[in-house]
1. Over the chain, what is the relative contact order in whole percent, taking alpha-carbon pairs under 8 Å and six or more residues apart?
2. Tell me the relative contact order for the range 235-380 as a rounded percent, counting alpha carbon contacts under 8 Å between residues six or more apart.
3. Where the accessible area of the chain is counted over protein heavy atoms with a 1.4 Å probe, how much of it, in %, is carbon and sulfur?
4. When ranked by the protection proxy of mean other Cβ atoms within 10 Å per residue, highest first, what sequence do the peptides 55-64, 242-251, 334-343 form?
5. Probe of 1.4 angstrom, ligands and nucleic acids ignored: what's the accessible area per residue over the range 235-380, in square angstrom?
6. Got a number for the accessible area of T166? Probe 1.4 Å, square angstrom, nearest 10.
7. Any idea of I190's accessible area? Nearest 10 Å², probe 1.4 Å.
8. Can you tell me which lysines have their Cα less than 17 Å from the Cα of K16? Leave out same-chain residues fewer than eight positions away.
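The values are calculated or read from the model by the stated rules, or taken from the named source; none is laboratory data. Because the structure is a prediction, the values reported are computed rather than measured. We place every Cβ from the backbone using ideal geometry, glycine too, and count neighbours over all the protein chains shown. Quick note on the areas: whole protein, heavy atoms, side chains included, nothing else; ligands and nucleic acids left out. Shrake-Rupley method; radii C 1.70, N 1.55, O 1.52, S 1.80 Å.
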Amino acid sequence: YARQLRLSPHVLGHSKAHVGRVVAELVRAAKAQGLQPGPLALSLRGDFVRIGSAYEQHKVRSPDCFDILVPLRLPPHLEPRPRCADGLGPCGAFVCGLRARAGWPRRYRPFAAGFCVELQGRSHLSSGLVLRWFQGHLQRCLGAVRYRLQERCRISLSACPGRPPTLHILPCSDYVCCHISMAVRLIPAIPLGDALYLTALPPEGPQAPLAPEALWGLNASRQEQRLLSWLKEQAPASSCHLKCLQILKGLRDLRGQGLEEPFCSQWGRVLSSYVLKTALFSLLLQGPLEAWDERFLVERLEDLVLYLRDCLRKQVLMHFFLGNASLPEAVALPRFLKEAAPVNLLAAFDGPTLDLAAFQLINAWIQAPHIIRMYSSPRYLRPAPTL
């Protein structure tokens, strides 16, 4: 843990501060330019939301990758209503369609033509079209920002089809003491209120045959951060719950080095960081938080492994926030989450795959010292999957 997984708070703090300054410059420039085309266009709201493991204190290895939500502002009087897209989209995910109101006036039709697709006879905001606009909009703003930041760092923007653009930051040698090249995934998000957002579904996994671009995924990162803050207040000062998550992520990555395709790719998806974090949340609320004191690290880590194994065998791990009535009252949930239908995060995988994952998970736990010795050399280490 100390040699490979633990991040230096000093380095992480510098990296986060530098990312925040650069992203703030880019978002400010993009918001200003977005005001020019007129009221019937997308624009940036002007803020950004830090999400992911780097901001939740459980990132491992190196502070070189960050996730940032960039909220968008829809034109006035265009307020599509989210609705659960039953039977559409990938299994194991909560998907929404942002449906436009019926009978749009003629003056709104250019927006509909540029950003909407048809689904079941109604116009829906297209995640694919929004993503392409967002990438082009940021790219147009990059020149001015690059000039202003030239003494601090070199920046560039890249993107793959169907994925959010990535901002690459290379600090100047005399500016940031840590000298780490950073990649920042900028994710366009549609605000729903109550710190909830809709984001484009990732290209992996089966998509619905009917206009998949009309579907959006739900992002509840702010609720996860609130739960983590509450747990930090309630748990012992020396609680090991985040360290357990980091070690399990590290062990998952090392075990993956010895697996062959096609199961190797499935292994990373089945035991994604989100699945591991969800299992940790569920286990934490099952017993007294005092049991997570640092001196019980090995016992709690084994509990987490066994809990995950049981979930894989039963083929069920429910989304922690959707329709969960057993959350602490201190962690207030938006009505949208409370009334949402529960979602099984493992529904996308077949039984044999989950059984094999359960077997390999237990094997990795039993053989952990051997796996760490074998695959921890620089020869085997490769970047962790961004899941």
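1. 16 percent.
2. Working: 135 pairs, mean separation 45.7, N = 146.
Computed value for the range 235-380: 31 percent relative contact order.
3. 53
4. 242-251, 55-64, 334-343
5. 47
6. Around 30 Å² of this residue is reachable by solvent.
7. Accessible area of I190: about 10 Å².
8. Once the sequence-local lysines are set aside, what remains near K16 is K59.
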